[in-house]
Amino acid sequence: MTARDGGCACGAVRFRAEGDPRFAFVCHCGACRRKTGTGHAASAAYPRDAVTITGTARVYPRPAPAGHAVDQAFCGTCGSPLWNTTPRAETLIMLDLGAFDDPSGLTPGRVFHAEDALPWDRQPWHDHPQGDAT
């Protein structure tokens, strides 16, 4: 079984994801753009029980564009974004691809909120299936 490790820039929060993600995706909603400071967020959705977390992340609860709740986790020391969870997909944790030690091989196969993509951030993945933005 494949295991992928990741964490924040300062090392205070680490995670290990066992196995393969259910899917990887990019999201262009305004909240994800603000979280990353660029045109989109890229994440991999893993079953929550496949992810082990060490250290304590801070959580910022925010509404998603569809109105449901999203908990956005980040390191309280260095501020690195780490993952999102939502009751709408309660069995999944969406780990930020940039937080993995080696995100190669985690290629987005879905795109959420492509209609909100900034003109300078149009990418080949916009041809991927539109997902249900959880």
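The values are calculated or read from the model by the stated rules, or taken from the named source; none is laboratory data. In this text, all values refer to a predicted model and were calculated from it rather than measured experimentally. Please note: Cβ atoms are built from the backbone with ideal geometry, for glycine as well, and neighbour counts cover all protein chains shown.
Any idea which of CYS27, CYS8 is more than 17 Å from LEU106 (Cβ to Cβ) and within 14 Å of the chain's Cα centre (by Cα)?
Values: CYS27 fails: more than 17 Å from LEU106 (Cβ to Cβ).
CYS8 is the lone residue from the list that is more than 17 Å from LEU106 (Cβ to Cβ) and within 14 Å of the chain's Cα centre (by Cα).
For residues in region 65-78 being out of contact with any Cys (no Cβ under 7 Å at 6 or more places or on another chain) and surrounded by fewer than 17 Cβ atoms within 10 Å (Cβ to Cβ), which is nearest to HIS28 (Cα to Cα)?
Selected residue: ALA66.
Can you work out which of the residues in region 35-64 that are within 13 Å of the chain's Cα centre (by Cα) and farther than 18 Å from PRO87 by Cα is surrounded by the fewest Cβ atoms within 10 Å (Cβ to Cβ)?
Ranking the qualifying residues of region 35-64, first place goes to THR36.
Of all residues in region 7-22, how many are at positive phi and in contact (Cβ under 8 Å) with a residue 60 or more places away in the chain?
Residues that pass the stated criteria total 1.
Of the residues that sit in region 79-102 and are modelled with pLDDT under 95 and part of a loop (DSSP other than H, G, I, E, B), which one is surrounded by the most Cβ atoms within 10 Å (Cβ to Cβ)?
Looking at the filtered set, the residue picked out is THR86.
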